[in-house]
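In what follows, a single structure is set out as structure tokens and then discussed.
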Amino acid sequence: LRTLVDEGGVPPHEVAGVLCSAPQLLSYSVERKLQPQIAFFTQELALPKEEVGAMVVAFPNILKYSVDKNLRPKVSFLAAALNIEVSSAAGLLAAFPRMASLSLERRVKPRLTRVLLQERGGGEGKKKKEDADPDG
């Protein structure tokens, strides 16, 4: 628990809520799971400890996802697809931590691709006025 507060930036008064939402965290090895997760956010992604804490409070299950199989690939994809720095992509993950629960291949990539096409005027996914459902 001290690791969540001291290294992860979780405010002490929020620890009970985090553990109620994700009780499996109590079974995680501090050295093999929690510290590497937190180090990924604070050191590799250079997120401020307070921002990591807010992210964990908002979505405690973010700590259950593998850095190598889930978190790092998502951040890398966002940075490349949006042509932004990794730190900015990390900020997106911090702002929307539930993104970690989405499949990169089945959810994140297709949705972001569709949005980017619409933004670039590709029009895919846009409904024409005459094709729109008149009932709403």
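The values are calculated or read from the model by the stated rules, or taken from the named source; none is laboratory data. Nothing here was measured: the structure is a model prediction, and the numbers come from that model. Cβ placement follows ideal geometry from the backbone for every residue including glycine, while neighbour counts extend to all protein chains displayed. All accessible areas refer to the heavy atoms of the entire protein, side chains included, with ligands and DNA or RNA removed. Shrake-Rupley method; radii C 1.70, N 1.55, O 1.52, S 1.80 Å.
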Can you find, among Ser29, Val52, Thr42, the residue sitting farthest towards the positive end of the charge dipole of the range 6-67, where Lys and Arg contribute +1 and Asp and Glu -1 at Cβ? Ser29
Read phi for every residue in the range 43-51 and hand back ³J(HN,Hα) as whole Hz from Karplus 6.51 cos²θ - 1.76 cosθ + 1.60, θ = phi - 60°, with x for Gly and Pro. 9, 5, 8, 6, 7, x, 3, 5, 5
Taking θ = phi - 60°, what integer Hz values does the Karplus form 6.51 cos²θ - 1.76 cosθ + 1.60 yield along the range 9-24, in sequence order, with x for Gly and Pro? x, 6, x, x, 6, 9, 4, 4, x, 4, 6, 5, 6, 9, x, 4
Length gained when the stretch Val30-His13 is fully extended (0.36 nm per residue, less Cα-Cα span): 4.1 nm
In order over the range 110-116: 3J(HN,Hα) from phi, Karplus 6.51/-1.76/1.60, θ = phi - 60°, whole Hz, x for each Gly or Pro, gives x, 5, 5, 4, 4, 5, 5
Between the modelled labels at Leu117 and Asn61 (7 Å from Cα along Cα→Cβ) the distance in nm is 2.9 nm
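For Val5 and Lys69, calculate 0.36 nm times their separation in residues minus their Cα-Cα distance, and state this gained length in nm to one decimal.
Working: separation 64, 0.36 × 64 = 23.04 nm, distance 2.54 nm.
Gain in length upon complete extension: 20.5 nm.
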Which is the longest run of the chain containing none of the trypsin sites (Lys or Arg not before Pro) found in DSSP loop states (not H, G, I, E, B) with at most 13 other C-beta atoms within 10 Å? 1-119
Could you give the size of the charge dipole of the chain about its Cα centre, using +1 on the Cβ of each K and R and -1 on the Cβ of each D and E, expressed in debye and rounded to the nearest 20? 440 debye
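Quick one: order Leu104, Leu45 from most to least accessible surface, probe 1.4 Å. Don't skip to the end; give the middle numbers.
On the way: Leu104 30, Leu45 10 Å².
Ranked from most to least accessible, the order is Leu104, Leu45.
Using helices alone, I'd like the mean residue ellipticity at 222 nm for the chain: each DSSP H run of four-plus residues gives -39500 (n - 2.57), total over residue count, nearest 500.
Values: 7 runs with 59 residues, N = 136.
Rounded to the nearest 500, the figure is -12000 deg cm²/dmol.
Keeping all protein chains in place, calculate the accessible area per residue for the chain (probe 1.4 angstrom), answer in Å². Let's see the in-between values first.
Values: 8340 Å² over 136 residues.
I get 61 Å² per residue for the chain.
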When every protein chain stays in place and a 1.4 Å probe is rolled, Thr3, Thr42, Thr113 sorted by accessible area with the largest first are Thr113, Thr42, Thr3
Using a cut-off of under 17 Å, list every residue of the range 89-123 whose amide N is near the label point 7 Å from the Cα of Ala46 along the Cα-to-beta-carbon line. 89-94
Could you tell me the accessible area of Glu105 in Å² (1.4 Å probe, neighbours in place), rounded to the nearest ten? 120 Å²
